[in-house]
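The values are calculated or read from the model by the stated rules, or taken from the named source; none is laboratory data. Here the structure is a predicted model, which means the values were calculated and not measured. Here the Cβ positions follow ideal geometry from the backbone for every residue, glycine too, while neighbour counts run over all protein chains shown.
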Amino acid sequence: MFFRCSLAGILLGVLLFNGCGAARKWEYELMSVETYSSDESLMKIDVRVERVDRGVYGVTGSVNWNYDTSDETMVQASVFKSNSGDESDYKSLPWAIPAQSLYEHMNTYYKDVSMKNFKHCSNVPQFEGKFQPPLPKQIYSGDKCVINCDGLPDIVPPGFYKIIMKCSGPGQPTWNATVISKVTTKMF
């Protein structure tokens, strides 16, 4: 009897200790990606959600970046959450990327999150130190990119999340991307 209680106590302790670490407590399922460009000769975005494995989805596609950026190229992102996934249920969250120059973005959010999450599956710009403008005009492509969530919060409440990223500048195309994901609590 003592052995069973001790074993149960040890297992419970291991589970509790494992749950106390600073590991990500959520997982996501990529639901959709929609894009828009005001001038596809300067910025053509062709991305789609693709099944990678059972219950695992990634992003495959290309971005034909064919315009010169400047200090006036602006980027911003907004995040919305819905409990049901219904379009009328989305509410704005404080998680956002405030309007900032593309070059400032490259040295902060891009470097801390995007660069880490897409380096294994794409040819997005990689750099150490500070980003050196301009952003090269070329075709950036990715194949079945499953985001490992580096740089994102450890705790995210379950629900549907919509992220809208926008980019524009004087004499440049306006483009945006809308990503919808379903977040669930990770059990172990």
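So is G151 free of Cβ contacts under 8 Å to residues at least 12 places away in the same chain and not charged (D, E, K, R) or not? Break it down stepwise before answering.
Numbers: free of Cβ contacts under 8 Å to residues at least 12 places away in the same chain: no; not charged (D, E, K, R): yes.
For G151, the condition - free of Cβ contacts under 8 Å to residues at least 12 places away in the same chain and not charged (D, E, K, R) - is not met.
Residue-by-condition table, conditions (1) surrounded by 15 or more Cβ atoms within 10 Å (Cβ to Cβ); (2) more than 19 Å from the chain's Cα centre (by Cα); (3) over 20 Å from G151 (Cα atoms); (4) modelled with pLDDT of 95 or more:
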| position | (1), (2), (3), (4) |
| --- | --- |
| R54 | no, yes, yes, no |
| E72 | no, yes, yes, yes |
| P94 | no, no, no, no |
| Y103 | yes, no, no, yes |
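What do you reckon, is K130 among the basic types (K, R), in contact (Cβ under 8 Å) with a residue 40 or more places away in the chain and out of contact with any Lys or Arg (no Cβ under 8 Å at 6 or more places or on another chain)? Reasoning before the result, please.
Values: among the basic types (K, R): yes; in contact (Cβ under 8 Å) with a residue 40 or more places away in the chain: no; out of contact with any Lys or Arg (no Cβ under 8 Å at 6 or more places or on another chain): yes.
So K130 does not fit the description; no.
Which residue, of P98, P153, P94, P157, is in a strand (DSSP E or B) and farther than 27 Å from S38 by Cα?
P94
Is it fair to say P125 is closer than 22 Å to T174 by Cα and either of a type in the set (A, V, I, L, M) or without any contact (Cβ under 8 Å) to a residue 60 or more places away in the chain (or both)?
Answer is yes for this residue.
Could you please find all residues in the stretch 105-122 being of a type in the set (D, E, K, R) and touching a residue at least 12 places away in the same chain (Cβ under 8 Å)?
Those that are of a type in the set (D, E, K, R) and touching a residue at least 12 places away in the same chain (Cβ under 8 Å): K111, D112, K116.
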